[in-house]
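Peer 1: Let me give you the structure first, and then I'll get to my questions.
The values are calculated or read from the model by the stated rules, or taken from the named source; none is laboratory data. Source: prediction; values computed, not measured. Here the Cβ positions follow ideal geometry from the backbone for every residue, glycine too, while neighbour counts run over all protein chains shown. Keep in mind that these areas ignore ligands, DNA and RNA; they rest on the heavy atoms of the full protein, side chains included. Shrake-Rupley method; radii C 1.70, N 1.55, O 1.52, S 1.80 Å.
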Amino acid sequence: MRAYTPGKQPTEIGWVKLNTNEAPYGPSPRAVEAISKAAGRLGRYPPPTSAPLREALARKHGLSARQVIVGNGSDDLLNLLFRAYSGPDIPAGLISPCYSLYPVLAAAQETPLKTLRFTRDFQLPLEAIAESGVNLFFLTSPNAPTGVGFSTEEIRRLAKAFPGLLVVDEAYAAFAPENAAELVRERENVAVVRTFSKSHALAGLRVGYLLASESVIAMLDRVRDSYNVDLLAQVGALAALEDEAYYAPRIAGVIEAREALAKEFRERGWFVYPSRANFLFAEPRQGEEAPSRELASELFQHLLARRVLVRAFPADALTASFLRFTMGTAEENQLLLEAIDSWMSLPAKPA
Ligand SMILES: *Cc1c(COP(=O)(O)O)cnc(C)c1O
């Protein structure tokens, strides 16, 4: 099996870092304060079930605390899902392109993966998923790396048609106009996964959570590490959750920047997927040249030379001619656009 390839994390300063969908703002100062205060209590084990955080999350989503589990990042919870609900004789499914960690987690459990494929229009093939014959199916919504989101109504129809456990990975829900959390109240076979890493600027803290029926949560509780979320992560996430006044305007700012930059890209003749996330997936064009993997790679290198880091997905035909741009600060987005324009005004290469 192959390990997951994380995006580059340069340690020198001076980079415009738009490659791993982190927030362009810092975490809530209240979260930072709660973390420093809790540091003196690190001699003791943390609450084993993250009870205070579970209760707060349950209140936020109108669920009972027995319908919530907290993880060491949402990656921890995705792993627990594979561990509990799949195995060498119990296949899982996904629809690709999607978050590239799932196949890694499946391989570690020796789980056969049924891989369905999106087409370029990124419509959800309800029937194909419903008839996929797997026990566990992963849907990234809003999708990564495209940012395309699926409506709650569509996901509801899918959950009704699909007989297994449908996992909706909503890492980017805060940037979307709707989400599937309400389906957890309606149905036993929907699990919604969220993270504090993206919208709440706490990627370094490692906290995610999952909403599902009591029986799914009880199953995941059996197979998780007994202290899977450390004390600083629990208190930091709790304080962040209670500071929506800090996050709401910043999230709105990211959405506004996303729409403005999408407009700029489209004005340059680029195809851009409508995004419900904190990034744009766009197909660069230069002059008359048709989009291609090579052209995307050229722009990637041009940006890299200017210390602007974005993400390329060359391995899949549906994503190879695109680049993914995480929304940065206003200044960073401006630097990105200037670097793009310096590439677009390069004289066309001789054929
Ligand atoms: C970033 C991301 C995650 C990982 O989140 P962590 O909580 O940092 O582990 C999971 N799923 C998707 C789709 C993501 O983009």
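Peer 1: At 1.4 Å probe size, with no ligands or nucleic acids counted, give the accessible surface of ARG266 in Å², nearest ten.
Peer 2: Surface open to solvent at ARG266 totals about 110 Å².
Peer 1: Further question on the same structure: Defining a contact as two alpha carbons under 8 Å apart and six or more residues distant in sequence, what relative contact order in percent does the stretch 262-315 show?
Peer 2: Computed value for the stretch 262-315: 20 percent relative contact order.
Peer 1: Are there GluC sites (Glu not before Pro) in the stretch 252-351 that DSSP marks as loop and that have at most 12 other Cβ atoms within 10 Å, and which are they?
Peer 2: Listed in order of number, the matching sites are GLU288.
Peer 1: How big is the dipole moment of the chain about its Cα centre under a simple scheme where the beta carbon of each Lys and Arg is +1, that of each Asp and Glu is -1, and everything else is neutral? Debye, nearest 20, please.
Peer 2: Roughly 540 debye for the chain.
Peer 1: Can you give the three extents of the C-alpha atoms in the stretch 92-143 along their principal axes, from longest to shortest, in whole Å?
Peer 2: 31, 22, 15
Peer 1: Further question: Using only the heavy atoms of the protein chains and a 1.4 Å probe, how would ASP230, ASP316, ASP89 rank by accessible area, largest first? It would help to have the intermediate numbers written out before the result.
Peer 2: Numbers: ASP230 75, ASP316 30, ASP89 140 Å².
Descending accessible area places them as ASP89, ASP230, ASP316.
Peer 1: Just check the stretch 194-303 against the gyration tensor rule for me: Cα atoms, a ≥ b ≥ c as the square roots of the eigenvalues, rounded for a/c under 1.5, and otherwise prolate or oblate depending on whether a/b exceeds b/c.
Peer 2: Because a/c hits 1.5 or more and a/b exceeds b/c, the stretch 194-303 counts as prolate.
Peer 1: Which FRET efficiency value, to the nearest 0.05, is calculated for SER151 and LEU318 with the Förster distance at 25 angstrom and r the Cβ-Cβ distance?
Peer 2: Approximately 0.75, to the nearest 0.05.
Peer 1: Taking only protein heavy atoms and a 1.4 Å probe, what accessible area per residue, in Å², does the stretch 1-159 have with all protein chains in place?
Peer 2: It amounts to 48 Å² per residue over the stretch 1-159.
Peer 1: What's the local net charge at SER100, with K and R +1, D and E -1, over the other residues with C-beta under 13 Å away?
Peer 2: 0
Peer 1: Per-residue counts of other Cβ atoms within 10 Å, averaged by peptide: what ranking do you get for 237-250, 139-152, 5-18, highest first?
Peer 2: Taking the mean over residues of other Cβ atoms within 10 Å, the ranking is 139-152, 237-250, 5-18.
Peer 1: On to the next question. Can you give the accessible area of THR319, probe radius 1.4 Å, in Å² rounded to 10?
Peer 2: Spelled out: THR319, probe radius 1.4 Å, area about 0 Å².
Peer 1: Sort the stretch 62-221 into rounded, prolate or oblate with this rule: let a ≥ b ≥ c be the square roots of the eigenvalues of the Cα gyration tensor; rounded if a/c is under 1.5, and if a/c is not under 1.5, prolate when a/b is larger than b/c, oblate otherwise.
Peer 2: Rounded shape, in that the Cα axes give a/c under 1.5.
Peer 1: I would also like to ask the following. Points 7 angstrom from Cα along the Cβ direction at LYS37 and ALA108: gap in nanometres?
Peer 2: 3.4 nm
Peer 1: Using the Karplus equation 6.51 cos²θ - 1.76 cosθ + 1.60 (θ = phi - 60°), what ³J(HN,Hα) coupling, rounded to whole Hz, does each residue of the stretch 251-266 give in order, writing x for Gly and Pro?
Peer 2: 5, 4, x, 5, 5, 4, 4, 4, 5, 5, 6, 4, 5, 4, 4, 5
Peer 1: Taking N as the number of residues in the chain, what is its Cα Rg relative to 2.2 N^0.38 Å? Show your work: numbers first, answer last.
Peer 2: Details: Rg = 20.6 Å, N = 351, 2.2 N^0.38 = 20.4 Å.
Taking the Cα Rg and dividing by 2.2 N^0.38 Å, one obtains 1.01.
Peer 1: Ok, one more. Please list 3J(HN,Hα) in residue order for the stretch 195-210, calculated via the Karplus relation 6.51 cos²θ - 1.76 cosθ + 1.60 where θ = phi - 60°; whole Hz, with x for glycine and proline.
Peer 2: The phi angles translate into 9, 8, 5, 9, 5, 9, 6, 10, 4, x, 7, 6, 9, x, 8, 9 Hz.
Peer 1: Of PHE122, GLY253, THR49, which is farthest along the charge dipole of the chain in the positive direction, counting Lys and Arg as +1 and Asp and Glu as -1 at C-beta?
Peer 2: It is THR49, whose Cα lies furthest towards the positive end.
Peer 1: Okay, moving on. Rounded to the nearest 0.05, what FRET efficiency is calculated for GLU244 and ILE13 with R0 set to 41 Å and r the Cβ-Cβ distance?
Peer 2: It comes to 0.85.
Peer 1: OK, next. Counting only protein heavy atoms, what percent of the accessible surface of the chain is carbon or sulfur at a 1.4 Å probe?
Peer 2: Answer for the chain is 53 percent, counting heavy atoms of protein chains only.
Peer 1: Can I ask one more? If you rank MET1, MET344, MET327 by how much accessible surface each has, with a 1.4 Å probe, what is the order from largest down?
Peer 2: MET1, MET344, MET327
Peer 1: Sort 221-227, 270-276 by packing, meaning the average of other beta carbons within 10 Å per residue, with the highest value first.
Peer 2: Final packing ranking: 270-276, 221-227.
Peer 1: Does the stretch 242-351 come out rounded, prolate or oblate by the C-alpha gyration tensor, with a ≥ b ≥ c the root eigenvalues, rounded set by a/c under 1.5 and, if not, prolate when a/b is larger than b/c and oblate if not? Could the numbers behind the result be given before it?
Peer 2: On the way: a/c = 2.17, a/b = 1.86, b/c = 1.17.
Note, shape of the stretch 242-351 comes out prolate.
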